[in-house]
Amino acid sequence: MSKMLRSRTAGVGLTLAVALGLATAAGVAASWPGEATPSFWSMMRAGVGESAGTYLYDSLDDLTPGAPASGAFTSAAALLEGTVVGIEPGIAFGSDDSASTAPVVGYDTPDAAIRYASLVVKVDRVLSGKLGLGQQNGQIRLQVEQPKQSTLADLRASIGSAGHGLFYVHNALERHQAAGRAVPQALAGYLASVHLPIGEGVFVEQAPGQPVIAPLMDSPERVDQILNGAPAPVEEPPDLPSPRPPKPSDFPHDDNPDGTPTAAPVPDPTDDPDASAVDVPDPVTTDTPGPGAGEPTVGTPTLDQLRSRAVRAACTAGTSTTPATC
């Protein structure tokens with residue numbers, strides 16, 4: 001599988017490059033069965049922009065700080081364990097189309113076509129790599145798109161279910177600079193203050209003991225691939241009708257030598273695509289209904305299991321912050 005990072009189709013040029021690594025589809029995290037109120041991530045990911053493209057990375061190891069760059073994808077600068085403790089306004093743009101630039105507008109103004117909130121993540125420990133700019137009082141701010149139908153007040157009310165987990169991150173300004181991209185002066189301060197989730201690398205347990213969710217990933221198949229080592233999803237080509245062999249009636253008929261027109265051919269019943277069609281009733285399925293909206297559709301590891309994998313990958317990459325454990 002090629003290593004391609006899914007990004008927003010309706011980009012806003014350079015200004016939306018700050019969203020590198022952010023998938024903007026509905027995700028697979030939603031309310032858990034029996035919850036009285038929607039979870040934080042079910043509101044945070046509901047109705048955000050569609051994503052398109054293929055991925056530039058194939059496994060969790062590719063996200064690990066120090067992992068070899070593929071030439072198109074660069075791993076995170078740091079892997080941290082932390083807890084989401086708040087959400088703040090980040091930055092808003094006046095356009096979400098494919099223009100080369102988009103104006104920065106007030107976060108709460110009607111002109112805001114797309115908003116990026118800042119999740120406040122308390123850093124418990126850095127497991128791999130190192131954090132650069134944007135740390136303040138043991139916290140970082142993680143850029144995530146805010147859906148239009150969820151207000152910051154709504155999201156703050158459910159922040160207790162945002163969870164604790166692992167975050168693969170890179171300071172936005174440092175990532176721009178490392179890639180050699182020009183940074184508009186008007187955006188430099190903002191970019192220096194936030195981190196990007198690299199490769200959709202946010203993996204949290206919404207409550208202690210619950211399975212890990214990957215709220216920024218847009219399909220259960222992708223979650224299964226990254227967290228469980230399942231084969232990469234294969235896109236099946238569309239079904240196309242099989243071409244039938246040519247028939248005499250398909251070709252033009254010349255007039256007879258005496259100038260009289262050739263008699264019209266007798267219609268071939270097989271020329272009618274519906275001639276051999278037989279109505280077949282839809283098969284009766286006896287499968288049990290699939291999981292309801294909000295239930296995990298794939299099994300995922302616990303946070304302890306995922307942490308162990310992440311630390312082993314960091315040891316292999318030589319970027320573990322506790323080399324004695326390698």
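Side notes on the structure shown:
- Candidates in segment 109-126 are the residues that are in a strand (DSSP E or B) and among the small types (Gly, Ala, Ser); of these, the one that is surrounded by the most Cβ atoms within 10 Å (Cβ to Cβ) is Ala117.
- When segment 194-208 is filtered for residues that are open to solvent by 10 Å² or more (accessible area, probe 1.4 Å) and not in a strand (DSSP E or B), the ones remaining, listed by number, are Gln206, Ala207, Pro208.
- Only a single criterion out of (1) of a type outside the set (Val, Ile, Thr); (2) open to solvent by less than 40 Å² (accessible area, probe 1.4 Å); (3) closer than 23 Å to Leu227 by Cβ; (4) modelled with pLDDT under 90 is not satisfied by Ala17, namely (3).
- Qualifying residue in segment 297-308 (condition: modelled with pLDDT of 50 or more, open to solvent by 70 Å² or more (accessible area, probe 1.4 Å) and touching a helix residue (DSSP H, G or I) at 6+ places or on another chain (Cβ under 6 Å)): yes
- Looking at Gly86, Gly160, just one residue is of a type outside the set (S, T, N, Q) and either open to solvent by less than 70 Å² (accessible area, probe 1.4 Å) or over 30 Å from Thr37 (Cα atoms) (or both), and that residue is Gly86.
- The test for being surrounded by 16 or more Cβ atoms within 10 Å (Cβ to Cβ) and either of a type outside the set (A, V, I, L, M, F, W, C) or at pLDDT 95 or above (or both) does not hold for Ser100.
- In the set Gly134, Gly94, Gly129, Gly106, only one residue is open to solvent by less than 80 Å² (accessible area, probe 1.4 Å) and touching a His at 6+ places or on another chain (Cβ under 7 Å); that residue is Gly134.
- For segment 163-193, filtering for residues that are open to solvent by less than 30 Å² (accessible area, probe 1.4 Å), part of a loop (DSSP other than H, G, I, E, B) and hydrophobic (A, V, I, L, M, F, W, C) leaves 0.
The values are calculated or read from the model by the stated rules, or taken from the named source; none is laboratory data. All values derive from a computational prediction rather than experimental measurement. Glycine gets a Cβ as well: all are built from the backbone with ideal geometry, and neighbour counts include every protein chain shown. Ligands, DNA and RNA are excluded from the accessible area calculation, which covers all protein heavy atoms including side chains. Shrake-Rupley method; radii C 1.70, N 1.55, O 1.52, S 1.80 Å.
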